[in-house]
Amino acid sequence: MSEEPQAEEFDTVASWTADAVEELGQDHALPAACRGSGSPAALRWLADRMGLAPGMRLLDSGAGVGGPARLVQETHGVQPTLVDPMEGACRAAERLFGFRALVGDGAALPVGSGEHDAGWSLGVLCTVEDKAAQVAELRRVVAGGGAVGLLVFVRTVEELTDPPEGNHFVTADALDGLLRGAGLDVVDRAWLGDFDDPPQDWQDAADAVDDVVRREHGDSDSFQEAQRNQDRMIRLLRDGSVAGRLVVCRVPGDDVGRDT
Ligand SMILES: C[S@@+](CC[C@H](N)C(=O)[O-])C[C@H]1O[C@@H](n2cnc3c(N)ncnc32)[C@H](O)[C@@H]1O
């Protein structure tokens, strides 16, 4: 499970984000709620390569405040199931988008085996130590032939200088090995940095939400702790020692679509 600094970032800040969107307006919800997963262009690539299509049941493990789930619901017509261990994030997903998110650990997903046509986990694996357990659970809940998508922040250097607390970065090769070890077929990969940045109005909306959160909570220890962690991550991304890796996998078999 997450360690303390991330509890601030993923739980407390999630509630503040929902408050800020309520003040600024619903058009700020998606940009503010997709902060963990980069650009809409990258999410669209992932959803396309996973073959997501209307009516498909998508399990979102570590869904945060629900931005990516809402985006792909709009663009690809999927029916998402959201799971996140942070109650504040789950409540924020409900406030922002009306999702009924399940509080749960990605290493013990509170859903049955093979009940979903696809599953993804975005920006989560680098925050947990036992990555194999998370991947095994995604494989368990997705039916044979279904897609598993991942966005994982990986390290490109041997040793990281001043990494964010509570993160555990592996290399892109180690990630591939982990996925194959879980019995998944890796079918496509991309780097987050190769996709277009979000459009300016999207970025402006996200910044406006940040400004409201800072105005209301900037003096608090929770805000400053979350901010320190976020600043460390941004520095590693800027100097290239950490990069976002998108991976598309298939669960062996051909059960998807048989009973839908
Ligand atoms: C960087 S955020 C990404 C949120 C969302 N997937 C997105 O892309 O916007 C990481 C998320 O992982 C969740 N998380 C942390 N530990 C987890 C665990 N053991 N199982 C599942 N999710 C976890 C956090 O609560 C947080 O919501």
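Going by what's in this entry, would GLU129 be described as outside any helix (DSSP H, G or I) and charged (D, E, K, R)?
It is true that GLU129 is outside any helix (DSSP H, G or I) and charged (D, E, K, R).
Does ARG100 satisfy being surrounded by fewer than 19 Cβ atoms within 10 Å (Cβ to Cβ), at pLDDT below 95 and away from the ligand (no atom under 12 Å from the Cβ)?
In short, yes.
Restricting the search to region 238-250, which residues are in contact (Cβ under 8 Å) with a residue 40 or more places away in the chain and surrounded by fewer than 19 Cβ atoms within 10 Å (Cβ to Cβ)?
GLY240, SER241, ALA243 - these are the residues of region 238-250 that are in contact (Cβ under 8 Å) with a residue 40 or more places away in the chain and surrounded by fewer than 19 Cβ atoms within 10 Å (Cβ to Cβ).
Pick from GLY51, GLY66, GLY62, GLY36: which is in contact with a strand residue (DSSP E or B) (Cβ under 7 Å, 6 or more places away or on another chain), closer than 15 Å to VAL148 by Cα and within 13 Å of the ligand (Cβ to nearest atom)?
Checking each option against the conditions leaves just GLY62.
Being closer than 23 Å to HIS168 by Cα and more than 8 Å from the ligand (Cβ to nearest atom) is the requirement here; does VAL13 meet it?
When the stated conditions are applied, VAL13 passes them.
State whether the residues of region 70-77 include one that is polar (S, T, N, Q) and in contact (Cβ under 8 Å) with a residue 40 or more places away in the chain.
no
Looking only at region 111-121, decide whether some residue is near the ligand (Cβ under 9 Å from one of its atoms), farther than 16 Å from VAL78 by Cβ and either open to solvent by 30 Å² or more (accessible area, probe 1.4 Å) or assigned to a strand (DSSP E or B) (or both).
If we filter region 111-121 for residues that are near the ligand (Cβ under 9 Å from one of its atoms), which is where we start, we get 120-121.
Then keep just the ones that are farther than 16 Å from VAL78 by Cβ; that gives none.
No, region 111-121 contains no residue that is near the ligand (Cβ under 9 Å from one of its atoms), farther than 16 Å from VAL78 by Cβ and either open to solvent by 30 Å² or more (accessible area, probe 1.4 Å) or assigned to a strand (DSSP E or B) (or both).
Could you pull out every one of the helices (runs of 4 or more DSSP H) wholly within region 145-260 that has 1 or more residues that are of a type in the set (S, T, N, Q) and at negative phi?
Fully inside region 145-260 and qualifying: 200-217, 221-239.
The values are calculated or read from the model by the stated rules, or taken from the named source; none is laboratory data. Please read all numbers here as calculations on a predicted model, not as lab measurements. Neighbour counts run over all protein chains shown; Cβ positions are idealised from the backbone, glycine included. In case anyone asks, the SASA skips ligands and DNA or RNA and just uses the protein heavy atoms, side chains included. Shrake-Rupley method; radii C 1.70, N 1.55, O 1.52, S 1.80 Å.
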